[in-house]
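Chemist: Quick one: structure below, then a few questions.
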Amino acid sequence: MQSTTRDKGTVEGLNRAVESMFLAALPGFVRQPRPGKRASRPKDEVLLGFEDFTDRLLAWTRWWNTEHCPAPLRGRTPLEAWQDDPTPLREVPATDLWTFTLEDAGTRMLTTRGVRFRKRDYVGAWMTGQGGIRVRVRFMPHHDHRIEVYHANTGRYLGPADLADQATEEQLSAVRRARAARARRLKRDLQASQRERYAAATQPEAPQRLGALTTAQAEAELARTAHTDLAQLAKPDLIPPAAPPPDWRTPDSLAALTALTAPGPPVPHLSGRDGTSVPDGRDGRPAPPTTDEDGDA
């Protein structure tokens, strides 16, 4: 029936009927039973596939519209009540209905790489020779594989644009598996963090956590955390930075440090009276020439 404000209750009633008359009888229904009642579903029940579920839902919808006679319709089916309604109808093309589902993302510049949207490039065959024009992007939420492009000034529809360099199905499957594994790991960590227990208290005081770990258990858990922390996995000193080129203008402190650490000629040593070798200067620099009592070198 027509979707109007007065039909809001009818739509909500239909949604409740779908759940109570159709979904509740399917395997894997997740709604909890009423308080005081135990679920009687077997643990080994087989869930429906998407195609099987769609076939059953369409069959139930046909039954509801053509055979079911709700009490408010006085013996008529929803299809008969629809056909008897004298309200005039206007057919809207599917291509026009599609535009009602789109959201506006503002204007962009059409370049040789296509249209930039959410840090990704979208391209279409119609873009050939259209570079440099200003376009408006519209998109359907959660359907980020394609966008719709319009002329920014005239509003004329130019055509669709698909995501460039899309990942293969094998790559998408690998990403989904990695995300599922990460979600399971995070769920286990969350459950573990929520198992904190505190000692009972009979007076106001700081809470005291219960639970003890051995040294091996603590080190094992910290090791697992370290392998997932990217900041700890980083090794900035693995490859030391090279010295700046000589034509760069560097700070005085860096220049002084470079001069001290730069390789140079070996420091001359003098032989002491006891036979030991000592630097020729107190700080490693060449010592000044010695003089005798008369001042001669």
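Derivation of every value follows stated rules applied to the coordinates shown; laboratory data play no part. Keep in mind that this is a model prediction, so the values were computed, not measured. Note that each Cβ is placed from the backbone with ideal geometry, even for glycine, and that neighbours are counted across all protein chains shown.
Chemist: Please name whichever of Val123, His142, Gly155 sits farthest to the positive end of the charge dipole of region 94-163, dipole taken about the Cα centre and charges placed at Cβ: Lys and Arg +1, Asp and Glu -1.
Modeler: Towards the positive end, the residue furthest out is Val123.
Chemist: Between Leu79 and Met109, what is the spin-label point distance in nm, taking each point 7 Å from the Cα along the Cα→C-beta axis?
Modeler: Going by the 7 Å Cα→Cβ label model, 5.7 nm.
Chemist: How much net charge surrounds Ala192 when only other residues with a Cβ under 13 Å from its Cβ are counted (Lys, Arg +1; Asp, Glu -1)?
Modeler: +4
Chemist: Around Thr154, with a cut-off of 13 angstrom between Cβ atoms, what is the net charge of the other residues, counting Lys and Arg +1 and Asp and Glu -1?
Modeler: +3
Chemist: How large is ³J(HN,Hα), in whole Hz, for each residue of region 111-118 in order, when computed from phi with the Karplus curve 6.51 cos²θ - 1.76 cosθ + 1.60 and θ = phi - 60°, using x for Gly and Pro?
Modeler: Going residue by residue, I get 10, 5, 8, x, 10, 8, 9, 6 Hz, with x marking Gly and Pro.
Chemist: Quick one: compute the contact order of region 49-171, relative version, from alpha carbon pairs under 8 angstrom and 6+ residues apart, as a percent.
Modeler: 16 percent
Chemist: Could you pull out every residue, at least 5 positions away or on a different chain, whose amide H is within less than 5 Å of the one on Asp121? Hs are placed 1.01 Å off N in the peptide plane, and Pro or chain starts have none.
Modeler: Ala164
Chemist: Here's a follow-up. For Ile133, which sequence-distant residues (separation of 5 or more, or a different chain) have an amide H within less than 5 Å of its own amide H, given hydrogens modelled in the peptide plane?
Modeler: Hits under the 5 Å cutoff: Leu110.
Chemist: A further question follows. What list of ³J(HN,Hα) values in whole Hz, one per residue of region 92-97 in order, does the Karplus curve 6.51 cos²θ - 1.76 cosθ + 1.60 (θ = phi - 60°) give from phi, with Gly and Pro shown as x?
Modeler: 10, x, 4, 5, 6, 4
Chemist: With a sphere of radius 9 Å drawn around the Cβ of Arg108, what net charge do the other residues whose Cβ falls strictly inside it have (Lys, Arg +1; Asp, Glu -1)?
Modeler: The answer is +3.
Chemist: Compute the projected area of the convex hull of the Cα atoms of region 94-163, averaged over all viewing directions, and report it in nm² to one decimal place.
Modeler: The orientation-averaged projected area of the Cα hull of region 94-163 comes to 4.5 nm².
Chemist: Nothing charged except the Cβ atoms of Lys and Arg (+1) and of Asp and Glu (-1): what's the magnitude of the dipole of region 47-169 about its Cα centre? Round to the nearest 20 debye.
Modeler: 760 debye
Chemist: Suppose every K and R has +1 on its Cβ and every D and E has -1 on its Cβ; what is the size of the dipole of region 94-163 about the Cα centre, in Debye to the nearest 20?
Modeler: Dipole about the Cα centre, nearest 20: 320 debye.
Chemist: Right, another one. Loop-only trypsin sites (Lys or Arg not before Pro) in region 45-77, please: DSSP not H, G, I, E or B, and at most 14 other Cβ atoms within 10 Å.
Modeler: Arg74, Arg76
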